[in-house]
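The values are calculated or read from the model by the stated rules, or taken from the named source; none is laboratory data. Keep in mind that this is a model prediction, so the values were computed, not measured. All Cβ positions, even for glycine, are placed from backbone atoms using ideal geometry, and neighbour counts span all protein chains on display. To get the accessible areas, we keep the full protein, side chains included, count just its heavy atoms, and leave off ligands, DNA and RNA. Shrake-Rupley method; radii C 1.70, N 1.55, O 1.52, S 1.80 Å.
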Amino acid sequence: MNRLVSFGLLSLVLLSSCGKKSATHTLRDGKGGKKLGGTFYTNETGDLRSVDPPQNNDETSAHISESLYNGLLEFDQNLNVIPSLSAIPQVSTDGLTYTFHLRSDVYYHDDPCFPNSKGRKFVAQDVVYCWSRALDPSTNTLALPYFQVILGANEYFKSGAKLAAGVVGMKAPNDTTFVVTLAKPFSPFYYYPLLGCAYIYPHEAIEKYGKDFSHHGVGTGPFQFVQYKEGQYCMVTRNPHYWEHDADGNQLPYLDSIKYSFMKETKAELLSLKQNSLDHVYRIPSEFYKDVVDENKKAKGEYTKYQVLHIPAIASQFYGFNTRDGVSNIHLRRAFAFAIDRNKIIKYVLNGQAAAPGEHGIVPPSMPGYPFKTVTGFIFNLDSAKAELELAKKELKGQLPDLTLQYNTGGGRNEDVAQAIQSQIQSNLGIKIGLHQVEWAQHTAMIDEGKAKFFRLGWIADYPDPQNFLNLLYGKNIPASGPSSINSTRYSNPEFDKRYELAIAATDRAEVNRIWAEAESIAMHDAPMLVIYYDEDYHILQPDVKDFPLNAMNRLVFTHTWFND
């Protein structure tokens with residue numbers, strides 16, 4: 001699906017030359033020494049799945065959506081919550097009611113969905129519309145587990161979004177006030193307005209574009225949609241009516257446009273950077289890692305002319321089992337978990353490009369304040385692996401399931417790690433597993449629908465709370481029917497669920513983290529997933545890029561990024 005909407009001469013000029021980044025930028029002088037203008041070229045190794053917020057649960061879609069939309073709140077670079085479309089909400093003493101006071105100076109992008117293509121003002125009823133739509137099953141929403149904590153949300157979803165009263169827990173008493181009431185106290189909800197599925201957009205865009213809205217987003221964000229070409233690129237341009245200004249009075253964003261290309265291989269990314277066709281590369285191809293940085297993770301050789309940034313990510317790489325219809329035997333899963341030498345994978349496959357081996361739980365060590373060392377995970381132990389395998393064979397009467405590891409295209413390292421684990425499983429357990437590589441959109445769809453028994457996934461925090469990871473293991477996130485987009489392993493353990501529910505209702509942070517760690521140890525014992533390693537993010541930038549949004553959750557919001565010539 002290709003769509004092109006003209007937004008004036010600048011957009012047309014950019015689109016006519018989007019295949020090659022210019023050696024220099026035509027920039028304008030701003031206040032406070034800033035330079036305004038230029039096109040920022042970056043790449044995503046997966047194609048765009050959907051910028052429709054209720055369907056937003058993959059990295060490529062999230063990065064592009066971050067340019068198009070605003071949420072009620074936002075993170076700063078240190079992952080502190082700050083105002084966006086709303087001030088920080090007032091929360092009732094019982095933890096049930098959140099009152100958001102909204103900005104009155106925000107307008108949607110100019111777009112043909114509006115009369116005369118002129119964007120209208122954002123109002124509180126838009127929040128009610130967007131969050132209610134996230135509870136409409138006809139949208140194929142992936143956001144139900146987040147929004148079902150709202151009073152009346154489950155009833156609305158079960159009605160097929162046909163309750164005349166709407167969601168009783170969401171009200172807009174006037175244009176600048178939005179009030180949401182929860183069914184019960186739920187401390188992580190504080191972060192939910194920052195999620196991609198909670199972004200705000202106008203009903204007019206849904207009415208005009210229908211299903212095509214997935215590749216034609218309209219929001220209030222710093223950039224607006226121009227063009228998407230499947231498998232090639234997505235172009236967004238500066239929103240000339242954006243509401244935010246910097247401390248010197250410059251209207252944001254500084255950049256004129258961003259081009260997201262969709263090259264699958266990180267090798268091609270790195271070459272494009274060296275050819276001056278990209279401004280930014282995320283991650284370093286494993287085979288080139290030692291050429292790019294030294295033992296202190298500093299740029300070396302020809303890469304010293306670039307900016308090489310790194311940060312331990314709040315992110316984990318894991319392989320999931322479909323615990324219901326694929327690998328239901330706990331001993332077989334535990335055998336696999338003990339049979340993986342994670343340190344060897346980091347050393348010889350990733351060449352050191354990771355924060356740490358995944359020897360605890362799925363919550364990474366970089367989670368602020370989390371006692372990750374108290375979580376009992378899996379360390380390579382061949383004797384334990386073989387003992388668990390014998391138990392599995394006994395329970396399954398020698399009939400082990402045929403397994404194929406499904407993984408997505410995405411930079412080359414996914415394939416390298418998959419091949420290494422395939423080799424280790426065969427060498428250490430004598431079990432042959434197949435490998436199947438598919439495109440990202442198909443990969444995630446098959447996982448959500450339960451069609452993949454053994455699959456590769458990664459999880460980057462949407463917000464800095466352990467619940468963001470342990471949510472993946474909560475049994476009540478498995479729907480009675482349809483896709484299971486959050487709990488993709490379909491894991492369920494009443495003891496885990498009991499502690500999960502204790503944690504989300506507690507308020508003391510140290511006590512909450514202790515309960516989370518207890519819950520995670522229960523789940524890790526059952527091995528619904530193989531935690532392979534914890535990520536460290538690397539970004540390589542052209543020397544003229546300033547104020548790149550480096551953060552531990554890899555949120556790439558380019559509102560404040562600029563070029564210095």
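Here are a few things to note about the model shown:
- The Cα-based radius of gyration of the chain, divided by its Kirkwood radius, gives an Rg/Rh of 0.96.
- Annotation: Cα Rg of segment 213-281 relative to the compact-globule expectation 2.2 N^0.38 Å equals 1.33.
- The apolar share of the surface of the chain, taken as the fraction of accessible area on carbon and sulfur atoms (1.4 Å probe, ligands and nucleic acids excluded), comes to 50 percent.
- Pair-distance profile P(r), taking every C-alpha pair of segment 148-275, with 10 angstrom steps and integer %: 10, 25, 31, 24, 9, 2
- Between segment 253-271 and segment 408-483, the alpha-carbon center distance in angstrom: 25 Å
- Percent antiparallel among DSSP beta bridges (both partners in the chain, rounded to 5): 80 percent
- Rg ratio for segment 509-565: its Cα radius of gyration over 2.2 N^0.38 Å, N being its residue count, equals 1.83.
- Debye equation applied to the C-alpha atoms of segment 119-222, log10 I(q)/I(0) at 0.10, 0.11, 0.14 Å⁻¹: -0.27, -0.32, -0.54
- Here segment 109-260 is treated with +1 on each Lys and Arg Cβ and -1 on each Asp and Glu Cβ, and its dipole about the Cα centre works out to around 420 debye.
- Averaged per residue, the chain has 39 square angstrom of accessible surface, using a 1.4 angstrom probe with ligands and nucleic acids left out.
- On the principal axes of its alpha-carbon atoms, segment 412-466 has extents of 39, 25, 22 Å, going from largest to smallest.
- Radius of gyration over Kirkwood radius for segment 368-450, both on Cα atoms: the Rg/Rh ratio is 1.05.
- Computed Rg/Rh of segment 249-367, alpha carbon atoms with Kirkwood Rh: 1.07
- For the chain, the relative contact order is 19 percent, taking Cα pairs closer than 8 Å that sit 6 or more residues apart in sequence and dividing their mean separation by the residue count.
- Farthest toward positive dipole pole in segment 90-225 [+1 Lys/Arg, -1 Asp/Glu at C-beta], among 222, 191, 154: 154
- Beyond 23 Å in Cα-Cα separation lie the following of the pairs 31/298; 453/498; 290/344: 31/298; 453/498.
- Coordinate range along principal axes, alpha carbons of segment 432-565, Å, largest first: 59, 45, 29
- The C-alpha radius of gyration of segment 449-497, expressed as a fraction of 2.2 N^0.38 Å, stands at 1.17.
- Formal net charge of residues neighbouring residue 57 (Cβ-Cβ distance under 10 Å; K, R +1; D, E -1): -3
- Extent of segment 15-128 along its three principal axes (Cα atoms, max minus min coordinate, largest first): 57, 39, 38 Å.
- Per-residue Karplus couplings for segment 505-519, computed as 6.51 cos²θ - 1.76 cosθ + 1.60 with θ equal to phi - 60°, are listed in order as 8, 7, 10, 6, 4, 5, 5, 4, 5, 4, 5, 4, 5, 4, 4 Hz, Gly and Pro entered as x.
- About the centre of its Cα atoms, the chain shows a dipole size close to 600 debye [charges on the beta carbon of Lys, Arg (+1) and Asp, Glu (-1) only; nearest 20 debye].
- Signed unit charges on C-beta, dipole axis of segment 503-562, positive-most listed residue 542, 528, 517: 542
- Accessible surface of residue 184 - all protein chains present, 1.4 Å probe, nearest 10 Å²: 110 Å²
- P(r) histogram, all alpha-carbon pairs of segment 346-407 included - 5 Å bins from 0, percent: 4, 13, 13, 15, 20, 16, 11, 6, 2
- Remark: relative contact order (segment 167-257) = 14 percent; criterion is Cα-Cα distance under 8 angstrom and separation of 6 or more residues.
- Binned Cα-Cα distance frequencies in segment 70-132 - 10 Å width, integer %: 19, 41, 29, 9, 1
- Selection among 233, 364, 309 by position relative to the dipole of the chain gives 233 as farthest towards the positive end (Cβ unit charges, Cα centre).
- Sum of -39500 (n - 2.57) over DSSP H runs of 4+, divided by residues of the chain (222 nm, nearest 500): -7000 deg cm²/dmol
- Whole-angstrom gap from segment 537-565 to segment 313-383, using each part's C-alpha centre: 30 Å
- Remark: segment 316-387 is approximated by an ellipsoid whose semi-axes, taken from the C-alpha gyration tensor as √(5λ), come to 22, 16, 12 Å, largest first.
- Segment 68-183: C-alpha pair distances exceeding 23 Å, %: 37 percent
- From the C-alpha gyration tensor of segment 262-326, square roots of 5λ in Å: 29, 16, 10
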